[in-house]
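Enquirer: Pasting a structure here, questions to come.
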Amino acid sequence: MSIWIHLREQVGKRRAPAKIDLILCSDTGNTAHYANQFIKGAERGGAEVTAHRFHRRNEFNPSLNGDALVVAFPVSGWKPPWPLLDWLSSSLPHGAGKPAFCLYTSAGGPENAGISIWVHLTVRGYRVCGRMWAAYPLNVPTLRIGPASLWKFLDRQVPIEEDLKAAEEAGEAFARGGRAGLPIVFWPSLLWLLGYLLDNRWINVFLYRNYVWKGRCNHCNRCIEHCPIERLRLVDGFPRPVGTCALCLGCINLCPKNAMHMACWTEYGNPYKPRWPGLVVKRKHRRRTDPDE
Ligand SMILES: Cc1cc2nc3c(=O)[nH]c(=O)nc-3n(C[C@H](O)[C@H](O)[C@H](O)COP(=O)(O)O)c2cc1C
């Protein structure tokens, strides 16, 4: 499909979808928070929205019965997260021209992720009508070394209220069949390629090596239960990584004892505390040995 046909479709008229499927990938809850706003707008626009939470690729088997699709995700290395891309390219049913919308959160470098997801959806037969993104707090724990007050101050600078309003308006416009969100911007996207090169599953085997601070570990198993690619195994009572990392950083962010770390990336720093803990993926917790947790 040429760029021009795509742009015409973005601004052209289309039928209002009665049912929208929303695939939601959100590691620390930021994107879930943003997507809720879009859903609110879409429901006001008259559509019924079904959210399908993506966490483990091999357990994700949604029934996409709607007549439109929204994909919501966090930017990870200037592109959507690998497990989501894998699923989209191998398991997303063909769109047969259904309208689609891309919704994403990032710490500020998102354009390339929009192009990347547009390519994936277009190749799978969807008609991408627009996108919307917002800057949310950066959830990479490495950079949170230093006083918590500094990070709280920086997080407060994010203009989130306006972005939430824009997401709600985009949801309503998408549900009414109108022009919604921002067009996909085509510009020389070196960062897009860089994201694929640097956050690369083969490089990740070496670059992102988790380890556990044994003196702190309380054997609660949260990290193992959360890992979206089941990379962490229990060896002698402690979590040990095997193979490549999906970079959700859930094991680090969710550890109640700050015992999980990643060599070169987190070294006893302050892990990201989810702003909306209720929106983080919850998995059934099987074993708990620490009463103060
Ligand atoms: C491994 C990793 C890579 C990231 N890469 C980028 C990036 O390239 N550009 C950016 O703006 N934000 C980046 N971020 C920040 C997240 O996109 C941002 O915090 C997002 O809101 C997290 O959403 P979630 O809570 O739904 O997972 C990255 C975060 C992680 C953990």
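The values are calculated or read from the model by the stated rules, or taken from the named source; none is laboratory data. None of these values were measured; they are calculated from a predicted model. Every residue, glycine as well, gets a Cβ built from its backbone with ideal geometry; the counts of neighbours run over all protein chains shown.
Enquirer: In the stretch 30-45, what residues are buried (at least 22 other Cβ atoms within 10 Å of the Cβ) and within 11 Å of the ligand (Cβ to nearest atom)?
Expert: Within the stretch 30-45, N30, T31, A32, Y34, A35 meet the criteria.
Enquirer: Sticking with this structure for a sec: Residues that are touching a Leu at 6+ places or on another chain (Cβ under 9 Å): find the strands (runs of 3 or more DSSP E) completely inside the stretch 213-284 holding 3 or more of those.
Expert: 238-241
Enquirer: Determine whether A72 is at pLDDT 95 or above and among the aliphatic types (A, V, I, L, M).
Expert: yes
Enquirer: Which ones in the stretch 119-135 are buried (at least 22 other Cβ atoms within 10 Å of the Cβ) and touching a His at 6+ places or on another chain (Cβ under 8 Å)?
Expert: The one that is buried (at least 22 other Cβ atoms within 10 Å of the Cβ) and touching a His at 6+ places or on another chain (Cβ under 8 Å): V128.
Enquirer: Might you let me know whether the stretch 46-63 holds any residue that is within 15 Å of the ligand (Cβ to nearest atom), among the basic types (K, R) and not in a loop (DSSP other than H, G, I, E, B)?
Expert: Within the stretch 46-63, one or more residues are within 15 Å of the ligand (Cβ to nearest atom), among the basic types (K, R) and not in a loop (DSSP other than H, G, I, E, B).
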